[in-house]
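A short worksheet on the structure shown next.
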Amino acid sequence: IQQNHKGLKSLFSQLVANYEGHGNSKKKSALELEERLVGQLLVKSQAMVSDASQLSVKGQAAIVSLQRRATSLIKVFILLIVAIMAAVSFMFRRSVAEPIRRLHEGTEIIGAGNLNYKVGTMAKDEVGQLSRAFDRMTIQLKESFTRLEKEITERRKAEEALRPASAYARSLIEASLDPLVTISSDGKIMDVNEATEQVTGVTRNRLIGSDFSDYFTEPEKAREGYQKVMSEGLVRDYPLSIR
């Protein structure tokens, strides 16, 4: 097209020069030259139109090809995104969702009383750290229960061993015709004999757990008395009147 365009400029310049050189009174040679130049102008113009048409066709074909390539690239890009999302989802389930599910399942199993169960997640993220901390807590809880069971067993053995002595002490209290009361260091009644029930007019169940000093006409004096016994071991010449 560029070459034909240059040729058109040259032919047009020759045509103008031929016209200006002869004016209206043209000779036969000048007319023949003009016709030849006009013919060449038309040929080159038609060649330019043809080349432009071919260029347009090739341009359209190139655009269609680019559109197809762009469509293919978009499809590949979408497939790549879908593959990445699937991979991320798989990794999420594997590294987060599955450990969380196992941790939840472990809490239910341990909550049901199975302290030997281990979550055992080896992941290095926060969920893995939480699961390992949960396993350590379970171990500590199991050790605490073991110690507690041992203490309960030892306490039961001690209670069994003390039961005969307690029964004997109880028999001694009941053998007395005088009111006898055992109290704790803070003055709460822990045991009484039948004579105490008769003197106070209060049943044994109501007496146990109540304040010893409340059953005397001078509660403060009674409190001073048992506090002295607790601190010094005895008290003498200490009269009290039962209410």
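Ranking 139, 173 by solvent-accessible area of protein heavy atoms (1.4 Å probe, all protein chains present), from largest to smallest, gives 139, 173. Note on residue 218 and residue 60: the model spin-label points, each 7 Å out from Cα along the C-beta direction, lie 12.8 nm apart.
If you fit an axis through the alpha-carbon atoms of helix 219-232 and take the longest principal axis of the Cα set of the chain, what angle between them do you get, 0 to 90°, nearest 10? Taking the Cα atoms of the chain, the angle to 219-232 is about 90 degrees. The rule of thumb for compact globular proteins, 2.2 N^0.38 Å, goes into the C-alpha radius of gyration of the chain 3.26 times.
Between helix 28-92 and the chain there is an angle of about 10 degrees, using the helix long axis and the longest principal axis of the Cα atoms. When you filter the trypsin sites (Lys or Arg not before Pro) in the stretch 1-80 for DSSP loop state and at most 13 other Cβ atoms inside 10 Å of their Cβ, you are left with 27.
Between rounded, prolate and oblate, where does the stretch 147-198 land on the alpha carbon gyration tensor, with a ≥ b ≥ c its root eigenvalues, rounded for a/c under 1.5, else prolate if a/b exceeds b/c? Don't skip to the answer; put the middle values down first.
Numbers: a/c = 4.49, a/b = 2.00, b/c = 2.25.
Because a/c hits 1.5 or more and a/b fails to exceed b/c, the stretch 147-198 counts as oblate.
What ratio of Cα Rg to 2.2 N^0.38 Å holds for the stretch 171-227?
Numbers: Rg = 10.9 Å, N = 57, 2.2 N^0.38 = 10.2 Å.
This ratio for the stretch 171-227 stands at 1.06.
Near residue 218, the amide H atoms lying under 5 Å from its own belong to 241; only residues 5 or more places off or on other chains count, and H is placed 1.01 Å from N. Here residue 75 is the anchor, and the lysines within straight C-alpha reach of less than 30 Å, apart from those fewer than 8 places off in the same chain, are 58. Report the Cα centroid-to-centroid distance between the stretch 26-84 and the stretch 185-214 in angstrom, as an integer. That distance is 120 Å. Starting from the Cα of residue 157, draw a straight line to each of the lysines and keep only those under 24 Å, dropping any in the same chain fewer than 8 residues away. The qualifying lysines are 142.
Ratio of Rg to Rh for the stretch 1-120, alpha carbon only, Kirkwood? Working shown, then result.
On the way: Rg = 40.1 Å, Rh = 22.2 Å.
When Rh is taken as the Kirkwood radius, the ratio is 1.80.
The values are calculated or read from the model by the stated rules, or taken from the named source; none is laboratory data. If you're wondering where the values come from, they're calculated on a predicted model, not measured in any experiment. Note: ideal-geometry Cβ built from the backbone for every residue, glycine included; neighbour counts use all protein chains shown. With ligands, DNA and RNA removed, areas are computed over all heavy atoms of the protein, side chains included. Shrake-Rupley method; radii C 1.70, N 1.55, O 1.52, S 1.80 Å.
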